[in-house]
Amino acid sequence: MAEPPVPILMYHAVATDPNAATRVLSVSPEAFARQMEIVAESGLTPVRTADLAARWRDGRPLPERPVLITFDDGYEGVHRHALPVLAKHGFTATVFVSTGWIRGAYDTGGGLDTMLDWDQIRELAAADVEIGGHTHTHPQLDQLDDSALRHELIHSREIVTDELGTAPASLAYPYGYSSRRVREAVRETGYGQALAVNNGLARRSQGPYALTRLTVRRGTTAEEFERLVQGRAIARDFARDRALTKGYALVRRARQVRRKVSRSRV
């Protein structure tokens with residue numbers, strides 16, 4: 001019997017008044033609280049990214065009706081607004097941090113809005129939230145040469161390890177973009193699993209380095225959210241996203257070809 005697919009929810013900012021750069025991919029604190037109520041009412045069991053991948057890798061059974069709650073980039077509202085709601089329900093989650101965007105010694109100034117600081121990240125980790133990697137400066141990894149790619153992966157991994165005392169086990173690709181070369185570098189860097197986007201349900205057959213997620217955004221209604229966690233009407237709800245993704249993929253492939261040609265001429 002085939003294993004049922006798992007919804008992996010992808011959040012970014014949780015904010016009352018997000019700025020223009022983060023608004024579309026943000027959710028309000030009230031919407032997030034209602035969404036977590038739907039998760040609880042639906043009998044879903046939140047698990048961490050590393051736990052899902054480890055159980056699929058080892059063939060161990062998952063809890064009944066698993067779901068993953070993930071946050072990208074490292075916005076301050078995850079600590080301020082999301083953490084109390086997660087704690088209320090006894091839910092775990094995974095936060096993927098771009099270390100160069102986090103307030104503190106390694107801040108490059110690239111953060112799109114108010115970001116977490118390292119004390120807040122430690123508090124999240126102490127509350128059973130998995131802290132994963134999201135590179136250092138949030139680039140499109142498949143557009144980098146090998147040296148820059150490995151620096152982004154290794155430098156950010158070292159920072160998280162130094163700050164938390166444990167190495168991150170999971171990674172989320174910035175913008176969801178990867179390639180065979182990128183996935184191999186992620187594996188060689190020491191990550192056990194990695195998440196993309198693609199707006200579909202995650203399946204064991206995708207492999208540990210290309211697990212699919214579902215985007216939750218400011219325009220996601222309670223009814224749409226309920227369909228997401230139940231795995232219903234996903235193709236319809238994300239039809240426009242997939243069309244845009246396919247079109248941009250062609251542009252990005254053309255850019256890669258031009259880069260290769262340019263390097264070969266040097």
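The values are calculated or read from the model by the stated rules, or taken from the named source; none is laboratory data. What you see is a predicted model; the values in this text were computed from it and never measured. For neighbour counting, all protein chains shown are included, and Cβ atoms are generated from backbone atoms with ideal geometry for every residue, glycine included. When the accessible area is computed, the model is the full protein with side chains, heavy atoms only, and any ligands, DNA or RNA have been set aside. Shrake-Rupley method; radii C 1.70, N 1.55, O 1.52, S 1.80 Å.
Values computed for the structure shown
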| quantity | calculated |
| --- | --- |
| Qualifying residue in the stretch 62-72 (condition: touching a strand residue (DSSP E or B) at 6+ places or on another chain (Cβ under 7 Å), at pLDDT below 95 and at negative phi) | yes |
| Candidate set: the stretch 14-68, residues that are touching a Pro at 6+ places or on another chain (Cβ under 8 Å), open to solvent by less than 70 Å² (accessible area, probe 1.4 Å) and not aliphatic (A, V, I, L, M); chosen: the one farthest from Arg187 (Cα to Cα) | Ser26 |
| Meets criteria (over 19 Å from Thr212 (Cβ atoms) and touching a Phe, Trp or Tyr at 6+ places or on another chain (Cβ under 9 Å)) for Pro18 | yes |
| Tally, over the stretch 177-196, of residues that are at pLDDT 95 or above and open to solvent by 10 Å² or more (accessible area, probe 1.4 Å) | 11 |
| Test result for Pro5, open to solvent by less than 60 Å² (accessible area, probe 1.4 Å) and either in contact with a His (Cβ under 9 Å, 6 or more places away or on another chain) or free of Cβ contacts under 8 Å to residues at least 24 places away in the same chain (or both) | no |
| The stretch 103-126: number of residues that are part of a loop (DSSP other than H, G, I, E, B) and either in contact with a Leu (Cβ under 6 Å, 6 or more places away or on another chain) or of a type in the set (Phe, Trp, Tyr) (or both) | 1 |
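Here's the yes/no breakdown for (1) in contact with an Asp or Glu (Cβ under 6 Å, 6 or more places away or on another chain); (2) among the basic types (Lys, Arg); (3) without any contact (Cβ under 8 Å) to a residue 12 or more places away in the chain; (4) surrounded by fewer than 22 Cβ atoms within 10 Å (Cβ to Cβ):
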position	(1), (2), (3), (4)
Ala172	yes, no, no, no
Gly200	no, no, no, yes
Arg203	no, yes, no, yes
Val216	no, no, no, no
